[in-house]
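*Asks:* Pasting in a structure now, in structure tokens, and then I'll have a few things to ask.
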Amino acid sequence: MKYAMAEYDVIIVGGGISGLLSALTLSKHGKKVLLLEKDNAVGGNCNSYMVDGFQVDTGPHAITHLREGPLRRLMDEYFTYMPFFVDYGHYYVRTEKGLTKIPSNIKDFVTFDVLPRKDRLMLSQALTKALTQMIFGMLDGEQPVYNYLPKGLSDDTYDFVNAIAYFLSGKSMKDTSVNRVLYGSSFVRDSVSEDIFEDVEMAPGTSYASLITDKLSKYQLKGHLTSFSRLATNKVAYAQAYPRGGLRSLLNAVLYSMPETVQIKTGSKVCSILTEGENAIGVATDTDSYSSNIVVYTGFVKSLPRIVQLPSDYVKKLSTIDQTLSLTIWLGLKEKMKEFDYTGSEVWFRGGAYWAMPISNYDASIAPKGKQLVGFTFVIDEKNDLESEKKKAMELIMKAVPGIEKMIEMTHYQVTIPEKAAVTINGYFAGTRSPVRNLYLAGTDTDSRSMGVTRAAYSVLEMLKAMKEDKIL
Ligand SMILES: Cc1cc2nc3c(=O)[nH]c(=O)nc-3n(C[C@H](O)[C@H](O)[C@H](O)COP(=O)(O)OP(=O)(O)OC[C@H]3O[C@@H](n4cnc5c(N)ncnc54)[C@H](O)[C@@H]3O)c2cc1C
């Protein structure tokens, strides 16, 4: 074994968006950084690549919280190059009749005729009740959404609520808490203001708006309330967006902003984190070892026990981290289809949940001239045979968009774990500090706020905060 001992202030394990943002920020704080990525390219789940002339992303992505969220903070403070964002659009459900926007307030929900009228009334009452209980601190938010639902709803309605739960937590409504649906995910938290409650009448003479405005100032609940719109994803304005040029434009903005002092090595899998006493002192790959004062790990925290000695109670906690497996099917279409004449995403079709996005509508250069690229993502069961999951998913697409099979000229499958931890009722999040001194964690299994890239950005901000507290920065 060859030992090329090197001195770094910080070694970052993993070159996904969390690792790259960590490298960018820490180097801009004057640290000498080495980043090691096991794959042959950086980016992890945040990248794009070509398949038969179509530029597919690593899954359909909406970049959220852009107005004042964590990624915005990182971009404003550390980026030299900015990605150009295109307004995201709307969220829809698809029925045989076409697309219907997901309602953006309780009033619209009542007229959301995709679901039976009786169910809509029962659901809006349940929402109103949950919101009122939340305002008065009487809500048991940890109970599963399923338990909170009124009894006797139709299968379609359960199916719809389940789709929303999967969308927000990666798990079913039996594993997703009421809190997560009401405000936990913060998926669109900075994008919807309390004006959505205007003209929602509670009872004759009492308006929600006045009740809420009153309570807001009293209990400073504004942050929570604006995110009540888990079922109200349509007033998103510029808060959610897609990067023009595809997801890799976001990655490139981070890479172009990276100071030259950061060393990035791909094809370098870290096999162990080296320790001395209680301190992390570096890392080793199969061929080399590197010394550093600090190690930041951004791979699966669940896999951390494989590369460093940890206390058994901590290892036990890590084993409870819950994950979801997803299947994305990218379809390159010969021609543009009227069914996909929108920007945004569709999150449900009667009979099944998926998340679909026609990404070439944001930037025509993503598909060859006159053609269209659409991605469909499904949550799949890892216990099932992958081929049968693919077949089931394709059948649902054909059912939702009749005639699509004649238009397909490119099919590309991706099987991924979108978040390193799903936000379930008993799911564990590791936080940024580990039991090993000078070993910090970042990534989507360390912070439960929001999701995806936004959550990755939160995790990096948390890590910076902890390092400041520990007088490292
Ligand atoms: C289908 C799909 C849809 C999604 N939709 C959205 C969305 O709409 N909005 C959104 O914001 N996000 C979305 N996401 C999630 C988002 O892409 C991820 O949350 C984000 O990219 C995770 O970044 P990360 O750096 O934390 O993890 P990763 O991307 O997993 O990066 C970790 C990196 O560490 C490397 N690594 C691990 N272990 C080692 C080791 N021992 N040595 C060296 N390297 C190692 C891995 O190879 C990897 O490159 C979606 C993801 C998928 C798959």
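The values are calculated or read from the model by the stated rules, or taken from the named source; none is laboratory data. On a predicted model such as this, the values are computed, not experimentally measured, just so you know. For neighbour counting, all protein chains shown are included, and Cβ atoms are generated from backbone atoms with ideal geometry for every residue, glycine included.
*Asks:* Within the group ILE329, ILE408, which residue is out of contact with any Phe, Trp or Tyr (no Cβ under 8 Å at 6 or more places or on another chain) and in contact (Cβ under 8 Å) with a residue 60 or more places away in the chain?
*Replies:* One residue alone meets the criteria, ILE408.
*Asks:* Something else about it: Under the condition of being outside any loop (DSSP other than H, G, I, E, B) and over 14 Å from LEU247 (Cβ atoms), which residue from segment 84-96 is farthest from the ligand (Cβ to nearest atom)?
*Replies:* THR95
*Asks:* Looking at segment 28-45, is at least one residue under 27 Å from GLU346 (Cβ atoms) and in a loop (DSSP other than H, G, I, E, B)?
*Replies:* Yes, segment 28-45 contains at least one residue that is under 27 Å from GLU346 (Cβ atoms) and in a loop (DSSP other than H, G, I, E, B).
*Asks:* Taking segment 303-338, which residues are within 16 Å of the ligand (Cβ to nearest atom) and of a type in the set (Val, Ile, Thr)?
*Replies:* Step one: of segment 303-338, the residues within 16 Å of the ligand (Cβ to nearest atom) are 303-310, 318, 321-331.
Answer for segment 303-338, where residues must be within 16 Å of the ligand (Cβ to nearest atom) and of a type in the set (Val, Ile, Thr): ILE307, VAL308, ILE321, THR324, THR328, ILE329.
*Asks:* Given GLY53, GLY30, GLY16, which one is near the ligand (Cβ under 9 Å from one of its atoms) and not assigned by TED's automatic domain parsing to the domain that holds PHE378?
*Replies:* None of the others qualify; the one that does is GLY16.
*Asks:* Being within 16 Å of the ligand (Cβ to nearest atom), in a helix (DSSP H, G or I) and out of contact with any Asp or Glu (no Cβ under 6 Å at 6 or more places or on another chain) is the requirement here; does MET394 meet it? Spell out the reasoning first.
*Replies:* Numbers: within 16 Å of the ligand (Cβ to nearest atom): no; in a helix (DSSP H, G or I): yes; out of contact with any Asp or Glu (no Cβ under 6 Å at 6 or more places or on another chain): yes.
No.
*Asks:* Taking LEU21 as meeting all but one of (1) part of a helix (DSSP H, G or I); (2) surrounded by fewer than 20 Cβ atoms within 10 Å (Cβ to Cβ), write down the number of the exception.
*Replies:* Just one mismatch for LEU21, condition (2).
*Asks:* Being part of a strand (DSSP E or B), surrounded by 14 or more Cβ atoms within 10 Å (Cβ to Cβ) and touching a residue at least 24 places away in the same chain (Cβ under 8 Å): is that true of VAL254 here? Quick ask: steps written out before the conclusion?
*Replies:* Working: part of a strand (DSSP E or B): no; surrounded by 14 or more Cβ atoms within 10 Å (Cβ to Cβ): yes; touching a residue at least 24 places away in the same chain (Cβ under 8 Å): yes.
It is false that VAL254 is part of a strand (DSSP E or B), surrounded by 14 or more Cβ atoms within 10 Å (Cβ to Cβ) and touching a residue at least 24 places away in the same chain (Cβ under 8 Å).
*Asks:* Could you tell me whether MET467 is crowded, with 20+ Cβ neighbours inside 10 Å, in contact (Cβ under 8 Å) with a residue 24 or more places away in the chain and more than 13 Å from the ligand (Cβ to nearest atom)?
*Replies:* Criteria met by MET467.
*Asks:* Among the numbered conditions (1) part of a loop (DSSP other than H, G, I, E, B); (2) under 30 Å from LYS129 (Cα atoms); (3) among the aliphatic types (A, V, I, L, M), tell me where LEU66 comes up short.
*Replies:* (2)
*Asks:* Considering each residue of segment 402-439, count those that are more than 13 Å from the ligand (Cβ to nearest atom) and of a type in the set (Ser, Thr, Tyr), and give that number.
*Replies:* Result for segment 402-439: 4.
*Asks:* At least 3 residues that are modelled with pLDDT under 95 in each: list the strands (runs of 3 or more DSSP E) lying fully within segment 318-390 that qualify.
*Replies:* 344-349, 352-357, 372-380
*Asks:* Tell me, yes or no, whether segment 440-457 has at least one residue that is away from the ligand (no atom under 13 Å from the Cβ) and either modelled with pLDDT of 95 or more or not β-branched (Val, Ile, Thr) (or both).
*Replies:* Checked segment 440-457: at least one residue is away from the ligand (no atom under 13 Å from the Cβ) and either modelled with pLDDT of 95 or more or not β-branched (Val, Ile, Thr) (or both).
*Asks:* Further question: Given the conditions (1) outside the structural domain of THR298 (by TED's automatic domain parsing); (2) more than 10 Å from the ligand (Cβ to nearest atom), report the number of the one that PRO60 does not fulfil.
*Replies:* (2)
*Asks:* Scan segment 76-83 and give yes if some residue there is buried (at least 16 other Cβ atoms within 10 Å of the Cβ) and assigned to a strand (DSSP E or B), otherwise no.
*Replies:* Scanning segment 76-83, I find no residue that is buried (at least 16 other Cβ atoms within 10 Å of the Cβ) and assigned to a strand (DSSP E or B), so the answer is no.
*Asks:* Among the helices (runs of 4 or more DSSP H) lying completely within segment 97-149, list those that include at least 1 residues that are at pLDDT 80 or above and more than 20 Å from GLY351 (Cβ to Cβ).
*Replies:* Hits in segment 97-149: 117-135, 145-148.
*Asks:* Ok, one more. Scanning segment 290-313 for residues that are touching a Ser or Thr at 6+ places or on another chain (Cβ under 8 Å) and assigned to a helix (DSSP H, G or I), which turns out surrounded by the fewest Cβ atoms within 10 Å (Cβ to Cβ)?
*Replies:* Top of the filtered list is LYS302.
*Asks:* Scan (1) crowded, with 18+ Cβ neighbours inside 10 Å; (2) in contact with a helix residue (DSSP H, G or I) (Cβ under 6 Å, 6 or more places away or on another chain) for the single condition GLY452 breaks and write down its number.
*Replies:* (2)
*Asks:* I've got another one for you. Residues of segment 150-184 being charged (D, E, K, R), closer than 16 Å to PHE378 by Cα and not in a loop (DSSP other than H, G, I, E, B), which ones?
*Replies:* Of everything in segment 150-184, just one residue is charged (D, E, K, R), closer than 16 Å to PHE378 by Cα and not in a loop (DSSP other than H, G, I, E, B), namely ASP159.
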